[in-house]
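I have placed the structure first, in the form of structure tokens, so that the comments after it can refer back to it.
The values are calculated or read from the model by the stated rules, or taken from the named source; none is laboratory data. If you're wondering where the values come from, they're calculated on a predicted model, not measured in any experiment. Methodologically, a virtual Cβ is constructed for each residue, glycine included, from the backbone with ideal geometry; neighbour enumeration extends over all protein chains shown. For the accessible areas, the whole protein counts, side chains as well, though only heavy atoms, and no ligand, DNA or RNA atoms are used. Shrake-Rupley method; radii C 1.70, N 1.55, O 1.52, S 1.80 Å.
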Amino acid sequence: MTGPLRPAFQEGQVLAAADLAATVAYTRGTTGRHSRLLHDWGIADGLELTTADRTDPATNARYVEVSVSAGSAIDGTGREIVVPAPVVLSEAEFAQVNGADRASAEPYPVFLTAVDRARTSTGPGSCAGATGPTRVEESYQILFGRLGDERLVAEQRPPAVGAAPADPPARWLVLLGFLRWTDGHFTAVASRARTVGPRYAGVRADTVAARSGTLSLRSRPAVQEGQPALVLSGEDPPSLVYGLYQASGSVSPLMTVAANGNLTIAGSFASRISAGSVLATSGSATDGMLLPLPSGVTPEEVADGRVSLHVYVTPRVPPTPNDTTLTSPAQATVDGDRRVRCRVRIFDYAAAPPQVFEQPGAVDFLVLATVAATSGGGG
């Protein structure tokens, strides 16, 4: 196979339609490979599902009119899909795909895909007369899927490295979101369903450099108060700051790493237990319950002896149901698995003959976890 072919022209050369088409194809191939190989495909801007409340005049039922906002996406072949203006979704087209389904509370997926549409130029005609369309509109199509079709998105495979963007009828599905359908109308939209949601365009890079000297990472396209940000600053002195945006657009630091490695945090610091420390937890438990470990202690640390447990249990004596019974603890222990064994003995001396029976009880517990201090050596 050969690499990409770039058209070259000579003085006096007679240009055929194929020569001009090759020029366009070369540019499209270069752009498509850039979008496909240096970026992750997905929604680049807009393309949100929006709703407007409506009422069915025949039934007075409330429903929503769903629109896809203007925006653009890059599909997995590197082709750009542009929706230049908001478009209202057709309930009739949805019904053709899913109208025969039984009523379901599950949301249905809606997709965007690229479509070519032939257009004819309005300019001067050819000397040889019209031979066909002279323009191709790179358009789009909204597709309604059946329940579970969102899984098809992950099964799509990109073309070969040297391939140009795919032209229809080759189809690449871009998931926009999900629709709920009740009694012949759209009733709601959802961004995710069955653990699947829209995919957004990304970038593939081993190096990201900021020309201003400050690099910011945030979780939303626009700065929003209260949203997190990570700011790497090359100013004097350099620093790495994690914090939240304020209304002014500045970042209020929650954690700062200075150029000398000093770490400053606004909140508390939690880490794994250290040598010589003691952790505790307490509460109440009934017969058969497994006592919890103090926060930060794992069963593996207890099993291999890195942490020692000290358990204290105090039986709870329940109140006597009447004046003719006596209640006393019969057992209050914890086995090697930290499982409580607690029984209460009840003596009913008014019964004929007197009766003695046992029932499950409860205890108050205290669990201490200690880590032996390590002894250091040296000379």
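Being of a type in the set (Val, Ile, Thr), touching a strand residue (DSSP E or B) at 6+ places or on another chain (Cβ under 9 Å), closer than 30 Å to THR50 by Cβ and touching a residue at least 12 places away in the same chain (Cβ under 8 Å) narrows it down to one of VAL251, VAL196, so name that one.
Selected residue: VAL196, the only one of VAL251, VAL196 that is of a type in the set (Val, Ile, Thr), touching a strand residue (DSSP E or B) at 6+ places or on another chain (Cβ under 9 Å), closer than 30 Å to THR50 by Cβ and touching a residue at least 12 places away in the same chain (Cβ under 8 Å).
Listed by position, the strands (runs of 3 or more DSSP E) enclosed by segment 286-361 that each have at least 3 residues that are in contact with a Pro (Cβ under 7 Å, 6 or more places away or on another chain), farther than 29 Å from ALA275 by Cβ and modelled with pLDDT of 85 or more are 325-334, 340-348. Residue-level check: of (1) over 29 Å from VAL83 (Cα atoms); (2) out of contact with any Pro (no Cβ under 9 Å at 6 or more places or on another chain); (3) outside any loop (DSSP other than H, G, I, E, B), LEU15 misses just (3). Among the residues of segment 136-153, the one identified as open to solvent by 80 Å² or more (accessible area, probe 1.4 Å) and aliphatic (A, V, I, L, M) is VAL136.
Entry remark, segment 10-45: residues being hydroxyl-bearing (Ser, Thr, Tyr), within 24 Å of PRO198 (Cβ to Cβ) and open to solvent by 60 Å² or more (accessible area, probe 1.4 Å) number 1 in total.
Going through (1) over 19 Å from TRP41 (Cβ atoms); (2) open to solvent by less than 50 Å² (accessible area, probe 1.4 Å); (3) at pLDDT 95 or above one by one, ARG180 falls short only on (2). Here LEU232 meets the list (1) in a loop (DSSP other than H, G, I, E, B); (2) modelled with pLDDT of 90 or more almost entirely, failing just condition (1). For segment 136-193, a residue qualifies if it is hydroxyl-bearing (Ser, Thr, Tyr) and out of contact with any Phe, Trp or Tyr (no Cβ under 7 Å at 6 or more places or on another chain), and the qualifying residues are SER139, TYR140, THR182, SER191. Please enumerate the residues belonging to segment 196-216 that are modelled with pLDDT of 95 or more and open to solvent by 100 Å² or more (accessible area, probe 1.4 Å). Hit for segment 196-216 is TYR200, nothing else.
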